[in-house]
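Read through the structure below, which is laid out as structure tokens, and then see the notes.
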């Protein structure tokens, strides 16, 4: 049996914040847009006319606890 040692160059390096920040902003923006459409669209702040957005997210709206009726 041989002894295996971990070489220093094989250690994982942390991800720099500069590389991670654009992805965090992108995912955060997608989350805010999703929350808007599930929680507020077809209400007083409606951006899209009609009721198709409301009907599309209707069950998700109830599942997340947003009132719509």
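FYI, it's all coordinate maths here, none of it is from the lab. In this text the structure is predicted, and so the values were computed from the model without any measurement. Using ideal geometry, Cβ is built from the backbone for each residue, glycine included, and neighbour counts are taken over all protein chains shown.
Quick notes
- Between residue 31 and residue 48, the simple spin-label model (points 7 angstrom out along Cα→Cβ) gives 2.2 nm.
- For the peptides 50-59, 11-20, the ranking by packing is 50-59, 11-20, with the highest mean count of neighbouring Cβ atoms within 10 Å listed first.
- For the range 18-63, average projected area of the Cα convex hull in nm²: 3.9
- Full extension of the segment from residue 15 to residue 64, taken as 0.36 nm per residue of separation minus the current Cα-Cα distance, would add 14.3 nm.
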